[in-house]
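Visitor: Sharing a structure below in structure tokens format, with a few things to ask.
The values are calculated or read from the model by the stated rules, or taken from the named source; none is laboratory data. None of the values given here were measured: they were computed from a predicted structure. So basically every Cβ, Gly included, is an ideal-geometry build from the backbone, and we count neighbours across all protein chains shown. All accessible areas refer to the heavy atoms of the entire protein, side chains included, with ligands and DNA or RNA removed. Shrake-Rupley method; radii C 1.70, N 1.55, O 1.52, S 1.80 Å.
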Amino acid sequence: PKALLFDEPLTGLDPQGIQTIQQSLREQARDGTAIVISSHLMTLVQELCPHVLVLDKGRCLWFGPIDQALQLSTGEHGTTSLEDAFFRLTGRGGQE
């Protein structure tokens, strides 16, 4: 296919299923398929996606390369994560 759209593709899967889906997504992308993933699992997005769109209450807060999004926030221990960037973009401290 030219494009695939996934909404929370790892929900309810066991570890083997997660690994299988992730490998399949990588292979499809390598073969030229455009893949769009909607997920609240920031680690999944950070691991698999070269670009990210951050939405908050229907508003686009960020769209661009994930490495640039990661530069928006550095964690307490000098690490960066998409989750840290999300909280910085949305103005929330992660406690809500």
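Visitor: Counting only protein heavy atoms, what percent of the accessible surface of the chain is carbon or sulfur at a 1.4 Å probe?
Guide: For the chain, the apolar C and S fraction of the accessible surface comes to 52 percent.
Visitor: Would you please give the FRET efficiency between Asp56 and Arg30, computed as 1/(1 + (r/R0)^6) with r the Cβ-Cβ distance and R0 = 30 Å, to the nearest 0.05?
Guide: Calculated value: 0.45.
Visitor: Can you give the helix-only mean residue ellipticity at 222 nm for the chain, where every DSSP H stretch with n ≥ 4 adds -39500 (n - 2.57) and the sum goes over all residues, rounded to the nearest 500 deg cm²/dmol?
Guide: -11000 deg cm²/dmol
Visitor: Just check segment 1-55 against the gyration tensor rule for me: Cα atoms, a ≥ b ≥ c as the square roots of the eigenvalues, rounded for a/c under 1.5, and otherwise prolate or oblate depending on whether a/b exceeds b/c.
Guide: Oblate, since a/c reaches 1.5 and b/c is not below a/b.
Visitor: Please report the net charge: other residues with Cβ closer than 13 Å to the Cβ of Ser38, K and R +1, D and E -1.
Guide: Here the count lands on -2.
Visitor: Looking at the chain from every direction and averaging, what is the projected area of its Cα convex hull in nm²?
Guide: Mean projected area of the Cα convex hull: 7.2 nm².
Visitor: Given R₀ = 30 Å, what would the calculated FRET efficiency be for Asp14 paired with Thr80, taking r from the Cβ atoms and rounding to 0.05?
Guide: Efficiency for this residue pair is about 0.55.
Visitor: Please compute the per residue accessible area over the chain with all protein chains in place, 1.4 Å probe, rounded to a whole number of Å².
Guide: Result: 71 Å² per residue.
Visitor: With both partners inside the chain, how many of the DSSP beta bridges are antiparallel, as a percent to the nearest 5?
Guide: Given both bridge residues lie in the chain, the antiparallel proportion sits at roughly 55 percent.
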